[in-house]
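Undergrad: Sharing a structure below in structure tokens format, with a few things to ask.
The values are calculated or read from the model by the stated rules, or taken from the named source; none is laboratory data. Since the structure is predicted, the reported quantities are computational estimates derived from the model, not experimental observations. No Cβ is skipped: glycine too gets one built from the backbone with ideal geometry, and neighbour counts run over all protein chains shown.
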Amino acid sequence: DGGITQSPKYLFRKEGQNVTLSCEQNLNHDAMYWYRQDPGQGLRLIYYSQIVNDFQKGDIAEGYSVSREKKESFPLTVTSAQKNPTAFYLCASSIGQYGTDTQYFGPGTRLTVL
Amino acid sequence: DQQVKQNSPSLSVQEGRISILNCDYTNSMFDYFLWYKKYPAEGPTFLISISSIKDKNEDGRFTVFLNKSAKHLSLHIVPSQPGDSAVYFCAASEGSQGNLIFGKGTKLSVKP
């Protein structure tokens, strides 16, 4: 059945290491998004992609990188340049790029940097 | 500066009564609004949305009201059930821009 998968659910890394979070969707959606949630905070947009091989920075892109080589996949790399990487990361997708296209979310990955 | 504000971090309601969650926005260009429900350690799930050309949208127990002049929207849940206990996020978008701006969320607790 269709949906968005994120793996792993929990991820631990040592400080200074890069780590890549996986996001896959089989909904045939064009647009994909990465958000970060911190305790007591709303979701903040890191990167988004409206089409394959194209992506744009969101509000808090510093210290992150993405790629969109396939329609189904939008991996997020948390680099050592990200000052406070411990957070809950959420991937979403929508059928198109317009504001009225509802975004559907994956289950999230909790990253803890030790 | 927060463009979407949910000023109540928490709300407690008795089962069977009405839950009213509020959201204010500052950007008059926002024309599409959504509510998401989120359980701990899970992704948000879409609940209901409303376009700025409407002032009310209803789906079962959930109704969203939009007051454009006040830049305010609210989510009504009637009757409230214990399974409704979650964090509710209000989100808004502008025109052809797909990016959503989220509020900080309101934690709803429905007591049996």
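Undergrad: Of the conditions (1) touching a Gly at 6+ places or on another chain (Cβ under 9 Å); (2) under 28 Å from A:G96 (Cα atoms); (3) more than 8 Å from every other protein chain (Cβ to nearest Cβ), B:T63 clears all except one; give me its number.
TA: Failed condition: (1).
Undergrad: Return the pairs, sorted by first residue and then second, in which the second residue is surrounded by fewer than 16 Cβ atoms within 10 Å (Cβ to Cβ) and of a type in the set (D, E, K, R), the first residue lies in the range A:86-109 and is more than 8 Å from chain B (Cβ to nearest Cβ) and in a loop (DSSP other than H, G, I, E, B), the beta carbons are less than 9 Å apart, and the residues are 6+ apart or on different chains.
TA: Matching pairs, first to second residue: A:T86/A:D38; A:T86/A:R110.
Undergrad: Of the residues A:Q37, A:Q17, which single one is touching a residue at least 12 places away in the same chain (Cβ under 8 Å) and under 16 Å from A:S65 (Cα atoms)?
TA: The match here is A:Q17.
Undergrad: Continuing with this model, one more query. Name the residue that is nearest to B:I18 (Cα to Cα), counting only residues in the range B:34-85 that are among the β-branched types (V, I, T) and more than 13 Å from the chain's Cα centre (by Cα).
TA: Let us first name the residues in the range B:34-85 that are among the β-branched types (V, I, T), namely B:45, B:48, B:50, B:53, B:63-64, B:77-78.
Next cut, more than 13 Å from the chain's Cα centre (by Cα) only: B:53, B:78.
On the way: B:I53: 26, B:V78: 5 Å.
Only one residue fits best here, namely B:V78.
Undergrad: Return yes or no: is B:G43 assigned to a loop (DSSP other than H, G, I, E, B) and buried (at least 17 other Cβ atoms within 10 Å of the Cβ)? Full working, then the answer.
TA: Values: assigned to a loop (DSSP other than H, G, I, E, B): yes; buried (at least 17 other Cβ atoms within 10 Å of the Cβ): yes.
Here the answer is yes, as B:G43 does meet what is asked.
Undergrad: Still on this structure: Residues of the range A:46-62 being surrounded by fewer than 17 Cβ atoms within 10 Å (Cβ to Cβ) and either within 24 Å of B:K37 (Cβ to Cβ) or facing chain B (nearest Cβ under 10 Å) (or both), which ones?
TA: Once the filter is applied, which keeps residues that are surrounded by fewer than 17 Cβ atoms within 10 Å (Cβ to Cβ) and either within 24 Å of B:K37 (Cβ to Cβ) or facing chain B (nearest Cβ under 10 Å) (or both), the range A:46-62 yields A:Q56, A:D59, A:I60.
Undergrad: I'd like to verify a number: residues in the range B:1-26 that are surrounded by fewer than 18 Cβ atoms within 10 Å (Cβ to Cβ), polar (S, T, N, Q), within 12 Å of another protein chain (Cβ to nearest Cβ) and not in a strand (DSSP E or B), how many?
TA: 2
Undergrad: Checking A:L76 against (1) in contact with a Leu (Cβ under 6 Å, 6 or more places away or on another chain); (2) at pLDDT below 95, only one condition comes out false. Which one?
TA: (2)
Undergrad: Further, regarding this structure: Kindly evaluate B:G83 against the criterion of being surrounded by fewer than 14 Cβ atoms within 10 Å (Cβ to Cβ) and in a helix (DSSP H, G or I).
TA: Values: surrounded by fewer than 14 Cβ atoms within 10 Å (Cβ to Cβ): yes; in a helix (DSSP H, G or I): yes.
Answer is yes for this residue.
Undergrad: When both residues are 6+ apart or on different chains and their Cβ atoms are under 8 Å apart, which pairs have a first residue that lies in the range B:71-91 and is away from chain A (no Cβ under 14 Å) and under 14 Å from B:E42 (Cβ atoms), and a second that is β-branched (V, I, T) and assigned to a strand (DSSP E or B)?
TA: Close Cβ pairs (under 8 Å, with a partner that is β-branched (V, I, T) and assigned to a strand (DSSP E or B)) amount to B:G83/B:V110; B:S85/B:V110.
Undergrad: Just for the range A:31-40: of the residues that are part of a strand (DSSP E or B) and at the interface with chain B (Cβ under 9 Å from one of its Cβ atoms), which one is farthest from A:G63 (Cα to Cα)? Steps first, answer last, please.
TA: Kept after step one, since they are part of a strand (DSSP E or B), are these residues of the range A:31-40: A:31-37.
Adding the requirement that they be at the interface with chain B (Cβ under 9 Å from one of its Cβ atoms) leaves A:31, A:33, A:35, A:37.
On the way: A:A31: 22, A:Y33: 16, A:Y35: 13, A:Q37: 16 Å.
That would be A:A31.
Conditions (1) among the hydroxyl-bearing types (S, T, Y); (2) in contact (Cβ under 8 Å) with a residue 60 or more places away in the chain, marked per residue:
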site	(1), (2)
B:C23	no, yes
B:D31	no, yes
B:T45	yes, no
B:E58	no, no
B:S69	yes, no
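Undergrad: When the residues of the range B:46-60 are narrowed to those that are in contact with an Asp or Glu (Cβ under 9 Å, 6 or more places away or on another chain) and assigned to a strand (DSSP E or B), which ends up nearest to B:S93 (Cα to Cα)? Full working, then the answer.
TA: We begin by selecting, within the range B:46-60, every residue in contact with an Asp or Glu (Cβ under 9 Å, 6 or more places away or on another chain); these are B:47-48, B:51-53.
Add one more test, that the residue is assigned to a strand (DSSP E or B), and what stays is B:47-48, B:51.
On the way: B:L47: 16, B:I48: 14, B:S51: 10 Å.
Selected residue: B:S51.
Residues checked against (1) closer than 25 Å to A:T112 by Cβ; (2) part of a loop (DSSP other than H, G, I, E, B); (3) out of contact with any Leu (no Cβ under 9 Å at 6 or more places or on another chain):
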position: A:S22; (1), (2), (3): yes, no, no
position: A:H29; (1), (2), (3): no, yes, yes
position: A:S80; (1), (2), (3): yes, yes, yes
position: A:K83; (1), (2), (3): yes, yes, yes
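Undergrad: Have a look at A:L21, A:L27, A:L43 and point out the one that is within 14 Å of another protein chain (Cβ to nearest Cβ) and farther than 16 Å from B:T45 by Cα.
TA: Values: A:L27 fails: farther than 16 Å from B:T45 by Cα; A:L43 fails: farther than 16 Å from B:T45 by Cα.
It is A:L21.
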